[in-house]
Structures are given as C-alpha cells and as structure tokens.
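This report refers to the structure that appears directly beneath it.
The values are calculated or read from the model by the stated rules, or taken from the named source; none is laboratory data. The structure presented is a predicted model; accordingly, all values stated were derived computationally and were not measured. Neighbour counts run over all protein chains shown; Cβ positions are idealised from the backbone, glycine included. For the accessible areas, the whole protein counts, side chains as well, though only heavy atoms, and no ligand, DNA or RNA atoms are used. Shrake-Rupley method; radii C 1.70, N 1.55, O 1.52, S 1.80 Å.
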Amino acid sequence: LGIIAAITIPAYQDFTMRARAAEAHTATATHRKIIARELESGVEPGTLSMDPTTLGLNAPEQYRTVYIEGIAYDSDGVITTTFNNKSNPASLSSKTIVYIPDMIDGKVKWRIDRERSTVPYRFLRRLQ
C-alpha cells in the first residue's frame, strides 16, 4: 500500500497543478481575445488603455474564482494571472502565469513568459 501511495500521490498532485493552470488559461481567454483585437487593430504596445471598461473588460476583481485571485494586464498587453492562497495544492499559492503578446504577420500569438511566471513551466507547457 505504501508503494502505491508513493507513486499515486505525486501523480495526483501534478495532475491537480496542471488542472489549476488550465483553469487560469481559460480564465484569461477574454483578456487575450480583447487585447489581441486591440493590438491587431493598430494600438501600439505601451499605449493600451489601462481602464478595463474602455476595452470591454470588467475590473480585475471580477475575474476571481475559487483559485484565482485576479487577472491584470499592462499597457503593453502583458496579462498576469495570480493564484490566491486557497489554491490546492498550496504550492500554487500566490503564484503567477504571465502571457506575452507577440505580433507575427499582423496577428497576435500568445506565449507564456517562463522568466516572469512563477508557476513551474512543466505545468504550463501544454497551454502554449
């Protein structure tokens, strides 16, 4: 029984971390869509409105979920999702996933910033 637990518990924890990361990815879908639309329409990075209502977004606290504290963006279109302290497993507590918009042939392609994201990349690589 101990051997089975030694194998299954870490596997379950990894699965849980990937599921929470996928939840954060889904929660940012509206932000990614709206910011991509703005950048693709000619808004220069660094000039994106910091008033979410002008973009058609809600205030950051409106995007809270059971595990996500909030979703914020900056004037370059960089999106940061922050997990709250209720995250399970606790190792996600206050961790972030940072999305960077790259313009390629006039279209935005999103990528996860491995340096600024504090969630271990092994849980994020399938979200790209």
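Quick look at the numbers
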| quantity | calculated |
| --- | --- |
| Test: S91 is open to solvent by 60 Å² or more (accessible area, probe 1.4 Å), polar (S, T, N, Q) and over 23 Å from V119 (Cβ atoms) | no |
| Selection status of R114, touching a strand residue (DSSP E or B) at 6+ places or on another chain (Cβ under 7 Å), within 30 Å of A11 (Cα to Cα) and open to solvent by 30 Å² or more (accessible area, probe 1.4 Å) | no |
| Of the criteria (1) modelled with pLDDT under 90; (2) over 21 Å from R116 (Cα atoms), which one P60 fails | (2) |
| Pair list, Cβ < 9 Å and 6+ apart or interchain, from segment 32-56 residues that are acidic (D, E) to residues that are at pLDDT below 95 and part of a helix (DSSP H, G or I) | E38/L55 |
| Residue that is nearest to T82 (Cα to Cα), among those in segment 99-111 that are exposed (fewer than 13 other Cβ atoms within 10 Å of the Cβ) and either free of Cβ contacts under 8 Å to residues at least 40 places away in the same chain or in contact with a Leu (Cβ under 8 Å, 6 or more places away or on another chain) (or both) | R111 |
| Qualifying residue in segment 3-13 (condition: over 18 Å from Y121 (Cα atoms), out of contact with any Ser or Thr (no Cβ under 9 Å at 6 or more places or on another chain) and among the polar types (S, T, N, Q)) | yes |
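To keep it simple, each residue is scored yes or no on (1) at pLDDT 95 or above; (2) in a helix (DSSP H, G or I).
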site	(1), (2)
N88	no, no
S94	no, no
P101	yes, no
R111	no, no
R114	no, no
T118	no, no
R122	no, yes
R126	no, yes
